[in-house]
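The values are calculated or read from the model by the stated rules, or taken from the named source; none is laboratory data. All of these numbers come straight from a predicted model, not from anything done at the bench. No Cβ is skipped: glycine too gets one built from the backbone with ideal geometry, and neighbour counts run over all protein chains shown. All accessible areas refer to the heavy atoms of the entire protein, side chains included, with ligands and DNA or RNA removed. Shrake-Rupley method; radii C 1.70, N 1.55, O 1.52, S 1.80 Å.
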Amino acid sequence: MMLVRRVVTTTSLAKFFPCFSSSLSKSGRFAYHASSPAPSLNPISDDSCGSENEEAEIDWDELGFGLVPTDYMYVMKGTQDGEFINGELNHFGDIKLSPSSGVLNYGQGLFEGLKAYRRKGMGGGIMLFRPEENALRMGMGAQRMCMPSPSVDQFLHAVKLTVLANKRWVPPQGKGSLYVRPLLIGSGPVLGLAPAPEYMFLVYASPVGNYFKEGVAPINLLLADKIHRAIPGGTGGIKAISNYAPVLKAQMHAKSKGFTDVLYLDSVNKKYLEEASSCNIFIVKGNVISTPATNGTILPGITRRSIIELANDLGYQVEERLVSVDELFDADEVFCTGTAVVVAPVGCISYCDQRYTFKTGVETAAQRLYNTLTAIQMGHVQDTKGWTHEIQ
Ligand code: COI
């Protein structure tokens, strides 16, 4: 396959958007109007944020998965008929919303998540992993939620600007990543149930370490028998903000019993695996790796899809299909995948007071796949798939 590496620099962005480099080179901080016909320069002049080249003053060894406020966020307004204009970088901070906004009243919102890794040293390029997939998934989710969405180009542009503007917050190699969180919300006021009349697309970022408190050690899951994450015909297959609060109760219960997270079953037969609260699930039996097919109730994870491709490349037989609890209990290995989670080995799963344990450690499929994926994401090996975007 042809090697495709897209390198975006502040200089190449400036070719298309002159204000980008001029404001950057003068002050190290800037605002950029992405999609207005004549981009307007709106320098952010206060000195509260460091230059994008200096390293943020935080203890990189202490990073978990919690919000560390960074310098800038990207904000763009959209109309109901799909025109997104006047995107710009603002200082990271609170946003103003009508109490009657669609997102606050009726949950009309979507989010995405992707990570930026530093390639080598503090002066090196920054790697983004398959950001166009996030853009496309947001577009699909928007259709389901009766929202307009930014174009793929607008999405990519916003993500890249946000990452570059917050460059000093991208952790040194091996210390974590900059987690980028695009949001699309119904910001305009509604009272009767209807799509909001206005929309807001935001991108903010936070440096993060491991998602689970276990770090890269195996996690233990509680298989939920009463709470379900999604229903056929519902929104389980998109990244609706409203998919996540309903699992908090199950998650809190599991955590109070010492479990890392919850694994959900389908809501109809109550015997097929769906996903965990924040990630997809895979089981391994011999040379066969199986994962629940994405049929509308399961999030089509970008890490999930990447792992399927990499597992095929490594010679595993990969099956996307219904996976029953009985197969789960009989598996050699179980692992979870997600942007935040990456590839997390599952050490044990509890269900109806029974505990099932699985193989973990260096000789596992999960470990091979983790190594293969992260080597591409961090730029340790050549990306022969054209999955990464390098920006600097
Ligand atoms: C991600 O993995 O990026 C997610 O969106 C999951 C979220 C619950 C942290």
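Residue check: Phe111 meets all listed conditions (1) open to solvent by less than 20 Å² (accessible area, probe 1.4 Å); (2) under 28 Å from Lys385 (Cα atoms); (3) within 16 Å of the ligand (Cβ to nearest atom) but one, namely (1). Checking the conditions here, which among Pro218, Pro232 is over 28 Å from Gly176 (Cα atoms), over 19 Å from the mean Cα position of the chain (by Cα) and either more than 13 Å from the ligand (Cβ to nearest atom) or open to solvent by 30 Å² or more (accessible area, probe 1.4 Å) (or both)? Selected residue: Pro232, the only one of Pro218, Pro232 that is over 28 Å from Gly176 (Cα atoms), over 19 Å from the mean Cα position of the chain (by Cα) and either more than 13 Å from the ligand (Cβ to nearest atom) or open to solvent by 30 Å² or more (accessible area, probe 1.4 Å) (or both).
Any idea which of Leu156, Leu136, Leu193 is away from the ligand (no atom under 16 Å from the Cβ), surrounded by fewer than 20 Cβ atoms within 10 Å (Cβ to Cβ) and more than 22 Å from His91 (Cα to Cα)?
Details: Leu156 fails: more than 22 Å from His91 (Cα to Cα); Leu136 fails: away from the ligand (no atom under 16 Å from the Cβ).
From the options Leu156, Leu136, Leu193, the qualifying one is Leu193.
Taking every residue in region 67-91 that is assigned by TED's automatic domain parsing to the domain that holds Ser177 and assigned to a strand (DSSP E or B) and pairing it with any residue that is open to solvent by 20 Å² or more (accessible area, probe 1.4 Å) and aromatic (Phe, Trp, Tyr), at least 6 positions away or on another chain, the pairs with Cβ-Cβ distances below 7 Å are Tyr72/Phe92; Met73/Phe92; Met73/Tyr204.
When Arg118 is tested against (1) modelled with pLDDT under 95; (2) surrounded by fewer than 23 Cβ atoms within 10 Å (Cβ to Cβ), only condition (2) is not met.
Looking at this structure, is Asp225 touching a strand residue (DSSP E or B) at 6+ places or on another chain (Cβ under 9 Å), within 14 Å of the ligand (Cβ to nearest atom) and either modelled with pLDDT under 95 or of a type in the set (Asp, Glu) (or both)? When the stated conditions are applied, Asp225 does not pass them.
Picking from residues in region 161-180 that are out of contact with any Pro (no Cβ under 6 Å at 6 or more places or on another chain), within 15 Å of Leu89 (Cβ to Cβ) and open to solvent by 20 Å² or more (accessible area, probe 1.4 Å), the one that is farthest from the ligand (Cβ to nearest atom) is Arg168. Just a yes or no: is a residue in region 140-150 under 18 Å from the mean Cα position of the chain (by Cα), within 16 Å of the ligand (Cβ to nearest atom) and more than 30 Å from Gly233 (Cα to Cα)? No, region 140-150 contains no residue that is under 18 Å from the mean Cα position of the chain (by Cα), within 16 Å of the ligand (Cβ to nearest atom) and more than 30 Å from Gly233 (Cα to Cα).
Set side by side, the residues Leu184, Leu191 differ, and just one is within 29 Å of Thr374 (Cβ to Cβ), aliphatic (A, V, I, L, M) and modelled with pLDDT of 95 or more, which is Leu184.
Going through (1) part of a strand (DSSP E or B); (2) touching a helix residue (DSSP H, G or I) at 6+ places or on another chain (Cβ under 9 Å); (3) within 16 Å of the ligand (Cβ to nearest atom) one by one, Glu274 falls short only on (2).
Quick check, is Thr337 within 16 Å of the ligand (Cβ to nearest atom), within 23 Å of the chain's Cα centre (by Cα) and open to solvent by 50 Å² or more (accessible area, probe 1.4 Å)? No.
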